[in-house]
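What follows is one structure encoded as structure tokens, with my remarks underneath.
The values are calculated or read from the model by the stated rules, or taken from the named source; none is laboratory data. Remember, it's a predicted structure, so these values are computed and weren't measured experimentally. All Cβ positions, even for glycine, are placed from backbone atoms using ideal geometry, and neighbour counts span all protein chains on display.
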Amino acid sequence: MTLRYGRSNLAVRRVGRSSSGGGVTRTRAELAWGIGPLAGAVAACAVVLLRPGLIGAVDVWPHLVRQQAVAETLRSGSSPFWTFLFYGGFPLLRFYGPLFALCSGALQLVVGDPVWTLKVLLFVLQALSGWAMLALLRRRVSLPAAGLGAAVYLLMPWRLVSLVTEANLPQALVYLFLPLLFLGLDWLGRADAPGGLRRGLALCGLSLGLLVLTHPFYALLAGAAAGAAAFLAGPGRKRRVFGLAGAIVPALLVAGFFVVPFLLEYRAHLYPVLPLGVPMPDLGVLLWPLSGGEGYRGFYFGLSVVLGALASGFLLVARGRRGETSLAAPFFATLGLAVLATWPAGWLGLVPTGMPPGRALVLAVFGCAGLAAFGVERLAARPGRALVLAGLALVLGADSLPFIGGIRYLAPERGLPVRLELYGLIPDRPSPRVLDVHEAVATVDDYPRLAVYPALGYLFGGFGSPFGPPFHQFAPRSMMYVYPWAGFAAADLGDPARHELSDATLKALALAGVSHVITPAARAGQGLVMTKPGIGWDDRFLRADRRPALVFGPTGAPLALGSRVLRPVAGAGAARARTMEYAGDWQELLAGLELDPESGTISTIPVRGAAYDSLPGTGAVSVREQQVRHDRVSVRLEAESDCWLRLAVSWYPYLDVRLDGEPVAFARTADGFVYLRCPAGSREVSVTAPLGRARRALLPVSVLALMGCVVMMLAPVRRRRRKRGAADGR
């Protein structure tokens, strides 16, 4: 029995209503062959994803950091779109697609452990995307073919390897919303379906809006593929094209609180990013199972699936069956767009800077799985259908399971040598800002120092960092100075020729607001190490069995420094270190001021665009208490005289700075931090980051639009159920 387009609901109802043995057996066989492969694929995903250990990919840390931050801010009732724990202030979810972090952060409130939360969410999204693909394919092919196509969708090796090994985690949401988007297109094209236009408009708008909130790059790809599919489809083309165009309105309303401020502000927040020269994926790696592959070269895609999809597409076009070809239009469109975006468009510079073009292969997974289902439908129409389906399932398993079964997680001891114990020894009050040096060398763009250890320290130790979540596309401009300062301090800490820390290092740590340092001890000879005065070192980890041999200690640097002088300085050009830009005058700025830790003062505050100004008195400041939270920085201090107060808080124009509870004017230092005028006496300074007028106004609009889309989809179903119930009652 073959379930054709528009008849799948009738066939499912026959399971419960038929009383003849033969009919029931055949229908149950259809259901078994349809649901069985998908259930097996979901079980395989559970085995792969729900294992103990840490996900080893470096790109997993930004997602875990955002997830943890969202969970903590939701628990405390503050905004999840900002944090002061990183970079001295960071727009956490204002310029990254926030949906994945919001989902995982909310789930962490239930699950508790951040790593297990991530694994559970990935598994749930995998399962939901499989069922969504099954619902889409059932409208085109028989249930067994749809079930096997949905299993292909879940088990293609490239998909799982990209999710877990490369930690391209937003793709898990993309795989769910893609079939829902094309399911909405189907509803738009069905003129005879009750409420089809309304439901299709709502589902397309909701799917596109959620794709934008997931990642704008994937949303553009999915929207282009849906537009091509709507144009290529036969019956209902006009309704699909105009309906999809109309769905842009609810999509923008759903994502408006993110999209509108993003478009208005992102250029002002964009940290200088150098072109990475990301290569195209290697076609041989994608198609040959023994080629290995890693990183930008790609991973094994699934040769049997690709060949099956190409053969199926060739047969559909060659035989010229317009109905079947139009039903396969979404999969032709996505596969074709994936090829264009991955190879030719990538060479033409159409892929955004820093976005690997191989990410567009998400569309290829969707297209290949759909076309493979059409191929299964043709093969299963021949005699010996059960054997054919079983053989295809075995081929899929043999081609994919060995690769996805090889995915492994790290043991915590491998991912965090020594640091698991060390992190627990650093006090959590006042909120530390810990610099984990990684290697004591003068490298500006040392990736573990800038990205991995800030994330690990926050996740496993609970403290912040002068750096932030990978990556630094939207790091504040203060990092133009902090990056080279940290590299200079690292080299000084590891230099065996110097027996004490230089004044420049102590100034750099103080200006960045570093409260603690973790570093490998400087090696002074064969088997000898030394710690340099200037930091209160804890040497409990300097033992022969410790690898690496680490020391840590407090710097005593406060978040606020006083000064009586504002000194204008000229602008400077940028320097480059491999993949990063940083300030070219960072050494001159350090050399131009003096630090007095006893009085809590610096000789001058360098500024740009302001005149020289000097206040009477000493400018001495004594910090009594300081606290850093996600939503707030507060400092209680005693100022000996009127002074200029420099805060180790990154400057943003929309910060709300208050002195003793009252708003106060503030400005930007030459190195990108905040300064303000502070009267003498006992004072309390607080800094918060308001959501902004646009976000505050658009957030309720987006919530109402999302709820409206859901109501529009469910309302026709409820009316039909009421009518059916009334008819049964009569």
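Side notes on the structure shown:
- Among the conditions (1) surrounded by 15 or more Cβ atoms within 10 Å (Cβ to Cβ); (2) of a type in the set (Gly, Ala, Ser); (3) without any contact (Cβ under 8 Å) to a residue 24 or more places away in the chain, the only one that residue 573 does not satisfy is (1).
The rows are residues; the columns are (1) assigned to a helix (DSSP H, G or I); (2) out of contact with any helix residue (DSSP H, G or I) (no Cβ under 6 Å at 6 or more places or on another chain); (3) of a type in the set (A, V, I, L, M, F, W, C).
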site	(1), (2), (3)
209	yes, no, no
217	yes, yes, yes
235	no, yes, no
240	yes, no, no
244	yes, no, yes
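- Of the residues making up the stretch 503-532, those that are assigned to a loop (DSSP other than H, G, I, E, B) and modelled with pLDDT of 80 or more are 512, 513, 514, 515.
- Identity of the residue in the stretch 555-594, polar (S, T, N, Q) and touching a strand residue (DSSP E or B) at 6+ places or on another chain (Cβ under 7 Å), that ends up nearest to residue 685 (Cα to Cα): 563
- Here the stretch 485-502 is the region considered, the condition is being surrounded by fewer than 24 Cβ atoms within 10 Å (Cβ to Cβ) and not in a loop (DSSP other than H, G, I, E, B), and the residue that is modelled with the lowest pLDDT is 494.
- Residue identified as of a type in the set (Phe, Trp, Tyr), closer than 18 Å to residue 94 by Cα, touching a Leu at 6+ places or on another chain (Cβ under 9 Å) and in contact (Cβ under 8 Å) with a residue 40 or more places away in the chain among 262, 257: 257
- Members of the stretch 227-248 that are within 25 Å of residue 355 (Cα to Cα) and either among the aromatic types (Phe, Trp, Tyr) or at pLDDT 90 or above (or both): 248
- Which numbered condition residue 378 fails, given (1) in contact with a Pro (Cβ under 9 Å, 6 or more places away or on another chain); (2) at pLDDT below 80: (1)
- Meets criteria (crowded, with 20+ Cβ neighbours inside 10 Å and either modelled with pLDDT of 90 or more or over 24 Å from residue 317 (Cβ atoms) (or both)) for residue 220: no
- In summary, helices (runs of 4 or more DSSP H) completely within the stretch 72-190 and bearing 2 or more residues that are more than 27 Å from residue 288 (Cα to Cα) and either β-branched (Val, Ile, Thr) or outside the structural domain of residue 480 (by TED's automatic domain parsing) (or both) occur at 99-111, 114-137, 143-155, 171-189.
- Near pairs, Cβ below 7 angstrom, 6+ apart or cross-chain, from the stretch 36-65 (closer than 18 Å to residue 171 by Cβ) to any residue that is at pLDDT 90 or above and among the aromatic types (Phe, Trp, Tyr): 45/123; 49/123; 63/100
- Scanning the stretch 138-164 for residues that are of a type in the set (A, V, I, L, M, F, W, C) and more than 28 Å from residue 357 (Cβ to Cβ), we see that the one that is surrounded by the fewest Cβ atoms within 10 Å (Cβ to Cβ) is 143.
- Any chance residue 515 is crowded, with 21+ Cβ neighbours inside 10 Å and not assigned by TED's automatic domain parsing to the domain that holds residue 596: yes
- Scanning the stretch 595-620 for residues that are exposed (fewer than 14 other Cβ atoms within 10 Å of the Cβ) and out of contact with any strand residue (DSSP E or B) (no Cβ under 9 Å at 6 or more places or on another chain), we see that the one that is farthest from residue 644 (Cα to Cα) is 598.
- Qualifying residue in the stretch 580-591 (condition: outside the structural domain of residue 484 (by TED's automatic domain parsing), in a loop (DSSP other than H, G, I, E, B) and at pLDDT 85 or above): yes
- Taking the stretch 621-690 as the region of interest, the strands (runs of 3 or more DSSP E) fully inside it that hold 2 or more residues being crowded, with 22+ Cβ neighbours inside 10 Å and touching a Cys at 6+ places or on another chain (Cβ under 9 Å) are 633-639, 643-650.
- Single residue of the stretch 458-481 satisfying the filter (part of a helix (DSSP H, G or I) and without any contact (Cβ under 8 Å) to a residue 60 or more places away in the chain) that is surrounded by the fewest Cβ atoms within 10 Å (Cβ to Cβ): 460
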